[in-house]
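Student: Would you mind keeping the following structure in view while I ask a few things?
The values are calculated or read from the model by the stated rules, or taken from the named source; none is laboratory data. This one's a predicted model, so the numbers in the text were calculated from it and none came from an experiment. Positions of Cβ are backbone-derived with ideal geometry, glycine not excepted, and every protein chain shown enters the neighbour counts. What goes into the accessible areas is simple: the full protein's heavy atoms, side chains included, and nothing from ligands, DNA or RNA. Shrake-Rupley method; radii C 1.70, N 1.55, O 1.52, S 1.80 Å.
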Amino acid sequence: MAGEIEIFKMEKSQDAMKIEELKRSLAHLQNHLAEPSILKPPAGHSDLEKNLKTETKYLRDELREQERLQEAKMRLREQEKNENRSALHLEQEGKELQEKLDEQETAYGWQSRMN
């Protein structure tokens, strides 16, 4: 369990770094697109501008996917925590019931011997 938590923490850290990297790349490309071009072609988009727009779209999509995956991992971890808590709770209840049963058997055993 502790090992899994460490793995999840490491994955979360790696995902966070990837998201930050994608955000920086997206910001860089957006800034580059926003800069006025000295030599603007009279009509249509330059190949560079088309490539930048394509790359920007790709980075946005990649960022959304990374965020979606991060949220899914967090939900999975929370679900696993809840399942572990439930299992521990059931185990504790089982122990308590066994103790009560042992107490009753002991009390019944004393009563049987007295009669």
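Student: Name the pairs: first residue in the range 7-21 and more than 13 Å from Lys73 (Cα to Cα), second residue assigned to a helix (DSSP H, G or I) and acidic (Asp, Glu), Cβ to Cβ under 7 Å, at least 6 apart or on different chains?
Tutor: Final answer for the pair search is Ile19/Glu67.
Student: Quick check, is Leu63 in contact with a Leu (Cβ under 7 Å, 6 or more places away or on another chain) and not hydroxyl-bearing (Ser, Thr, Tyr)?
Tutor: Here the answer is yes, as Leu63 does meet what is asked.
Student: Could you list, in sequence order, all residues of the range 1-30 that are of a type in the set (Ser, Thr, Tyr) and either within 21 Å of Thr54 (Cβ to Cβ) or open to solvent by 90 Å² or more (accessible area, probe 1.4 Å) (or both)?
Tutor: Ser25
Student: If only one of Gln98, Gln70 is modelled with pLDDT of 85 or more and either over 30 Å from Ile7 (Cβ atoms) or open to solvent by 100 Å² or more (accessible area, probe 1.4 Å) (or both), which one is it?
Tutor: On the way: Gln70 fails: either over 30 Å from Ile7 (Cβ atoms) or open to solvent by 100 Å² or more (accessible area, probe 1.4 Å) (or both).
Step by step, each of Gln98, Gln70 is checked, and only Gln98 is modelled with pLDDT of 85 or more and either over 30 Å from Ile7 (Cβ atoms) or open to solvent by 100 Å² or more (accessible area, probe 1.4 Å) (or both).
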